[in-house]
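One structure below.
The values are calculated or read from the model by the stated rules, or taken from the named source; none is laboratory data. Please read these numbers as outputs of a predicted model, since none were measured by experiment. When we count neighbours, we look across all protein chains shown, and the Cβ atoms used for this are built from the backbone with ideal geometry, even at glycine.
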């Protein structure tokens, strides 16, 4: 079987790959990470959100590779609840601005040390969780101070494949990318 490597593999420093190799749980913010960070409302006041399909498959690949996925968001949204349910994400915490505390509460029941946690966020409420986690990830359209403290800033913007990029980073670092891709590739003759 051929080995497949993310085109970003050669841009990831060895120290980043070593941190990513230890991750057993990734927690993500929603607005600005899984979506573009904009709030859309219809004339009747209904909320609209756009989620990137690439991100969704990447999260499913992580879960299939035994990496737990959690979402911690400051807003309450039925759309977020539906999307996470559709993806099979087991841990959704909504309405929490205290992201580090929410993350600590979540992992206290899972026996996951901070060094085995990745957190992906884009704004100041995410900063304490990014600093707590063993691997902090942000996006180029995130707030400057968050970018300054994160271990990695994706090339893709939030809502535009940034989560998939983070998924590929974790899968690559843990030598699980080939397995995640194998079911989509025809066997070689």
Can you tell me which residues in segment 18-28 are in contact with a helix residue (DSSP H, G or I) (Cβ under 6 Å, 6 or more places away or on another chain) and either part of a strand (DSSP E or B) or surrounded by 22 or more Cβ atoms within 10 Å (Cβ to Cβ) (or both)?
20, 23, 27
Could you tell me whether segment 50-68 includes any residue that is farther than 20 Å from residue 167 by Cα, at pLDDT 95 or above and outside any loop (DSSP other than H, G, I, E, B)?
no
By residue number, the members of segment 130-145 that are crowded, with 24+ Cβ neighbours inside 10 Å and more than 18 Å from residue 17 (Cβ to Cβ) are 130, 139, 142
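To keep it simple, each residue is scored yes or no on (1) free of Cβ contacts under 8 Å to residues at least 12 places away in the same chain; (2) out of contact with any helix residue (DSSP H, G or I) (no Cβ under 7 Å at 6 or more places or on another chain); (3) surrounded by 13 or more Cβ atoms within 10 Å (Cβ to Cβ); (4) more than 22 Å from residue 142 (Cα to Cα).
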site: 14; (1), (2), (3), (4): yes, yes, no, yes
site: 30; (1), (2), (3), (4): no, no, yes, no
site: 44; (1), (2), (3), (4): yes, yes, no, yes
site: 65; (1), (2), (3), (4): no, no, yes, yes
site: 73; (1), (2), (3), (4): no, no, yes, no
site: 94; (1), (2), (3), (4): no, no, yes, no
Go through (1) within 21 Å of residue 123 (Cα to Cα); (2) assigned to a helix (DSSP H, G or I); (3) touching a helix residue (DSSP H, G or I) at 6+ places or on another chain (Cβ under 9 Å) one by one and return the number of the condition residue 80 breaks.
(3)
For residues in segment 1-12 being surrounded by fewer than 13 Cβ atoms within 10 Å (Cβ to Cβ) and outside any loop (DSSP other than H, G, I, E, B), which is modelled with the highest pLDDT?
11
